[in-house]
Each structure stands twice: as structure tokens, then as C-alpha cells.
Amino acid sequence: MSADPIPFHRPAFDQAELHGAVSSLESGWLTTGPQCAAFESRFAEAVGAEHAVSVNSCTAALHLALEGLGVGTGDQVVVPAMTFTATAAVVRHLGADPVLVDVEADTLGMDPDQLVDVLSERTKAVVPVHYAGQPAEMDRITSAAESVGAAVVEDSAHCFPGTYREHTIGSLSRATCFSFYANKTITTGEGGMLTTDDAELAERARVMRLHGMSKDAWRRFASGPSTYDVAQPGFKYNMTDLAAAIGLAQLDKAADLAAQRAGHAEQYVTALAHVPGVRTLARRPDRSHAWHLLVVAIDRETFGMERDAVAAALNDRGISTSIHYRPLHRHSYYRDTYQLTDEDFPVASSAGDQILSLPLFPTMTGEQVDRVVAVLAELAA
Ligand SMILES: *Cc1c(COP(=O)(O)O)cnc(C)c1O
């Protein structure tokens with residue numbers, strides 16, 4: 001058995017990204033400009049949305065989407081307990097309160113039944129997360145949100161490309177937010193995109209992503225010396241052309257990268273079925289899976305070790321893993337601000353003790369997948 005370490009993730013780049021980055025540098029125009037415009041129109045087309053607004057993170061996209069929907073002090077925004085802090089933190093940035101809901105035990109996606117119980121006239125938006133890359137239960141989440149007049153904003157940081165029933169993820173809800181962070185399914189190093197069919201929301205996000213100015217630098221440059229108006233105290237969330245040039249190259253190969261991830265995931269799921277105490281998450285037949293993450297749940301009794309010990313043992317054998325996530329209600333800020341306990345979120349709490357994300361990236365080899373599974377099988381014995 002080879003002792004070469006297996007990283008948790010490696011981005012998949014080749015000459016195309018290098019060429020994009022170099023041409024952007026050579027053009028002399030680095031900030032938001034023609035590459036961003038091209039990336040936006042190609043991305044909008046890829047997901048079937050009217051508008052795509054490029055930004056420097058998914059966190060920025062979430063913030064702008066909720067800001068544009070008018071979320072403010074006293075409002076509530078529902079988010080799953082099993083997510084990254086950004087999903088809930090942006091709600092706090094707007095002075096509103098995140099309301100956590102538990103997740104489905106088999107997929108770890110937002111539980112539509114639990115959602116119904118927390119909705120109220122204060123609910124301004126619901127933010128499902130497409131956990132690990134599999135779309136959440138969107139039809140039921142959307143109809144629940146609509147019943148109280150709340151908008152749906154998808155946190156699709158894990159899911160590109162994706163489909164849910166007859167829809168492409170990015171075309172389904174009021175707004176969808178994507179991440180191009182270094183380890184996401186396509187990457188620009190740091191970056192994000194907001195997609196929407198709502199022209200007003202898109203325009204508001206375009207203005208607010210760059211200081212609330214009426215014209216961005218490229219539009220100011222292209223039209224000659226001109227003045228601009230600041231109508232709002234905006235943010236500094238614009239994407240750079242350098243990042244967008246890399247994004248365009250990644251977008252070209254998104255389907256291939258997704259197929260590579262899916263191939264590794266199938267291999268994992270098939271092989272892990274024979275490892276006692278290791279459970280993979282459920283697949284739903286009516287939607288695709290972007291396979292951002294390969295998450296397993298380690299059952300301490302059956303496996304014979306607890307999750308943290310398994311992670312340490314894998315690490316000792318050169319295999320890097322991660323945890324997505326320690327649920328939000330266990331982080332001191334959310335726990336203390338909202339007096340949350342494990343009993344409030346039994347599924348997320350128990351998953352929080354069991355889940356482990358295994359190495360999964362396009363350029364990994366079948367031998368590497370085999371080795372991860374073999375080490376797990378050996379530990380379980
Ligand atoms: C990565 C991630 C984010 C944040 O994305 P950035 O582009 O790093 O801001 C938000 N939500 C989830 C679920 C994520 O995994």
C-alpha cells in the first residue's frame with residue numbers, strides 16, 4: 001500500500017485557468033470588468049436564470065440577497081442547524097434573527113416538517129442548504145415558505161451544477177447563492193454568484209456589491225470620465241476580473257469535474273456499504289447530486305471507535321478528512337445568543353457527533369478511494 005498522503009481536497013486546474021489568469025493580467029484590467037460580465041452571462045445561461053451577479057464570496061451573495069429582499073431588524077430568517085456559519089451570520093449582519101431548524105436524519109438537508117413548526121409572520125426568508133451537494137426538499141420548503149409570505153433564498157454553496165425535479169438549481173427560487181471558494185465544485189480562489197429572475201433584486205445587488213455606487217469602475221471607465229452617485233452605503237463585494245477569468249475556465253469543465261466527482265462518489269458508496277458502522281447519506285431519485293462532499297456517519301458502537309478517533313487514525317495514515325459541520329447551535333455565539341441546546345436539534349446534534357467528510361476531488365484516483373475505504377475497513381475490524 002502506497003504511503004503517499006491523500007489530501008482532503010485539491011482544485012482541478014490546467015492550462016485553461018492559467019491562460020485565463022495570464023490574459024487577465026496582460027489586459028491591464030484586474031477588477032470588475034469584461035471577464036466578470038462574461039462569467040455572469042455564461043453562468044446565468046448555465047443555470048437558466050435571468051440574472052447572475054458576481055461577487056467575491058457566497059457569503060456576500062447571501063448577504064446581498066437578503067438585503068435586497070428587505071430583511072432587517074425584527075425579522076426572522078430560517079436556516080438549517082447543519083450548515084456553515086455564513087448562512088446564519090449574514091442574517092445577523094442585517095439585524096435580523098436566524099431561526100434554526102433541524103435536518104432530515106438520512107440526508108442532513110433542511111427538514112420541511114420542522115420548518116413548518118418555526119414559521120411565523122416574522123419569517124421574512126427561508127434559506128435551505130443543498131447539503132453536501134444534494135438539493136434540499138425544495139417543493140415542500142417552498143410551499144411552506146409561501147404559506148407565510150416568506151421568500152426562499154437557496155444556499156447552493158455545495159451544489160453546482162445541480163437539478164431538482166425539472167429545475168436547474170439557480171433558476172428555482174427568488175435567489176440562489178453559489179460559492180467558488182477554493183474547495184467548492186468550481187473555484188475562483190474566492191468568489192460567489194447570486195442568480196435570480198428578479199430584475200430589481202439583481203440591480204440592487206449590483207449597486208450594493210460596490211459601495212452603493214450608480215456605476216461600477218468598468219462602466220465608469222468605458223463611458224469616459226464621469227461622476228457617479230452614491231445612493232446607499234453599499235458593500236465591497238465585487239468579483240475581480242482575474243477571478244472571473246479563472247471562473248470562465250472552470251465553468252467550461254464543470255460538467256466533466258462533476259462527472260469525476262460522481263464517479264468517485266459511486267465507488268465510495270458501493271465499497272463503504274461493506275464497512276460495518278459506516279453509513280453514507282441517502283440519495284433522492286428526483287434530483288442530481290453535485291458531490292461537493294462525501295459525508296459518512298460513523299456509528300461508535302458498530303464501528304468500535306468514535307468519529308474523532310477515526311479522523312485521528314486516518315490522519316496518522318496520511319488521509320486528511322474534515323467535518324461539515326459542527327452544528328450551529330453548538331457554536332458559542334448561536335448557543336449563547338439564542339439559548340439553544342442539543343435537545344432542540346436532536347438530529348443535527350447526533351449527526352454532529354458522527355459525521356466525517358472523506359477526501360473527494362476530481363483528480364483523485366480510484367486507488368486513492370480504495371485506500372481510504374481499506375483503511376476504514378481495517379480500523380472497523
Ligand atoms: C462555503 C460555504 C458558504 C460560504 O461560501 P464563501 O464563498 O466562502 O463565502 C456558505 N454556505 C455554505 C453551506 C458553505 O459551504
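What follows is calculated from the coordinates using simple rules that are stated; it is not laboratory data. For clarity, every value in this text was computed on a predicted model and none was experimentally measured. All Cβ positions, even for glycine, are placed from backbone atoms using ideal geometry, and neighbour counts span all protein chains on display.
What is region 1-94 by shape, rounded, prolate or oblate, if you read a ≥ b ≥ c off the alpha carbon gyration tensor as root eigenvalues and call it rounded for a/c under 1.5, prolate for a/b larger than b/c, and oblate otherwise?
Values: a/c = 2.49, a/b = 1.28, b/c = 1.95.
Cα axes put region 1-94 in the oblate bin.
Jot down the per residue volume, in cubic angstrom and as a whole number, of the convex hull over the alpha-carbon atoms of region 181-275.
Value for region 181-275: 145 Å³ per residue.
What whole-number distance in Å separates the alpha-carbon centres of region 282-322 and region 366-381?
11 Å
Given only helices, namely DSSP H runs of n ≥ 4 each adding -39500 (n - 2.57), what is the per-residue ellipticity at 222 nm of the chain, to the nearest 500 deg cm²/dmol?
-12000 deg cm²/dmol
When 1/r is averaged over all different Cα pairs and the result inverted, which Kirkwood radius in Å belongs to region 270-381?
15.3 Å
Each residue of region 151-157 in order: what ³J(HN,Hα) in whole Hz does its phi give by Karplus 6.51 cos²θ - 1.76 cosθ + 1.60, θ = phi - 60°, with x for Gly and Pro?
7, 10, 10, 7, 8, 9, 4
Please work out whether region 276-342 counts as rounded, prolate or oblate from its C-alpha gyration tensor, where a ≥ b ≥ c are the square roots of the eigenvalues and a/c under 1.5 means rounded, while otherwise a/b larger than b/c means prolate and anything else oblate?
Numbers: a/c = 1.81, a/b = 1.18, b/c = 1.53.
Cα axes put region 276-342 in the oblate bin.
Which lysines have a Cα less than 21 Å from the Cα of residue 236, not counting those fewer than 8 places away in the same chain?
Output for residue 236: 215.
Need the list of lysines near residue 253 for cross-linking: C-alpha distance under 18 angstrom, and skip anything on the same chain fewer than eight residues off.
Cross-link targets: 184.
In percent, what relative contact order does the chain have, based on Cα pairs under 8 Å that are 6 or more apart in sequence? Display every interim value, and only then the final one.
Values: 831 pairs, mean separation 87.6, N = 381.
After rounding, I find 23 percent.
For region 121-249, just say rounded, prolate or oblate: build the C-alpha gyration tensor, square-root its eigenvalues into a ≥ b ≥ c, call rounded for a/c under 1.5, and beyond that prolate if a/b exceeds b/c, oblate if not. Could the numbers behind the result be given before it?
Values: a/c = 2.66, a/b = 1.45, b/c = 1.84.
Oblate shape, in that a/c is at least 1.5 and b/c is the bigger or equal ratio.
Take each of the peptides 4-11, 201-208, 244-251, 118-125, average the number of other beta-carbon atoms within 10 Å over its residues, and list them starting from the highest.
244-251, 201-208, 118-125, 4-11
Working only with C-alpha atoms, what are the Rg and Dmax values of the chain, expressed in angstrom?
21.1, 71
Stokes-Einstein diffusion coefficient for region 186-342 at 10 °C in a medium of 1.306 mPa s, Rh from the Kirkwood formula over Cα pairs: what value in µm²/s?
Values: Rh = 20.6 Å.
The diffusion coefficient I find is 77 µm²/s.
Over the chain, what is the percentage of antiparallel beta bridges among all DSSP beta bridges, to the nearest 5?
Roughly 60 percent of the DSSP beta bridges within the chain come out antiparallel.
Arranged from highest to lowest average of other beta-carbon atoms within 10 Å per residue, in what order do the peptides 229-236, 40-47, 252-259 appear? Let's see the in-between values first.
Working: 229-236: 12.8, 40-47: 18.4, 252-259: 16.2.
Final packing ranking: 40-47, 252-259, 229-236.
Say the dipole of the chain comes from +1 at the beta carbon of Lys and Arg and -1 at that of Asp and Glu; which of 173, 347, 254 then lies farthest toward its positive end?
So the residue furthest toward the plus end is 254.
Just to confirm the number: angle between the C-alpha axis of helix 366-380 and the first principal axis of the chain, 0 to 90 degrees, nearest 10?
So the helix axis and the longest Cα principal axis differ by about 50 degrees.
For region 56-130, what value does the Rg/Rh ratio take when both radii are computed over Cα atoms and Rh is the Kirkwood radius, given to two decimals?
Result: Rg/Rh = 0.96.
What is the dipole size for region 112-237, taken about its Cα centre, with +1 at each Lys and Arg Cβ and -1 at each Asp and Glu Cβ, in debye to the nearest 20?
640 debye
Expected output is a single nm value to one decimal: the length gained when fully extending between residue 25 and residue 8, i.e. 0.36 nm times separation in residues minus the C-alpha distance. What is it?
Extra length available between residue 25 and residue 8 comes to 3.1 nm.
Residue 326 versus residue 377, label points 7 Å from Cα toward the beta carbon: distance in nm?
Result for the modelled spin labels: 3.4 nm.
What share of Cα pairs, in percent, lie more than 16 angstrom apart in region 196-238? Each step should come with its number before you reach the end.
On the way: 338 of 903 pairs.
Cα-Cα pairs in region 196-238 separated by more than 16 Å: 37 percent.
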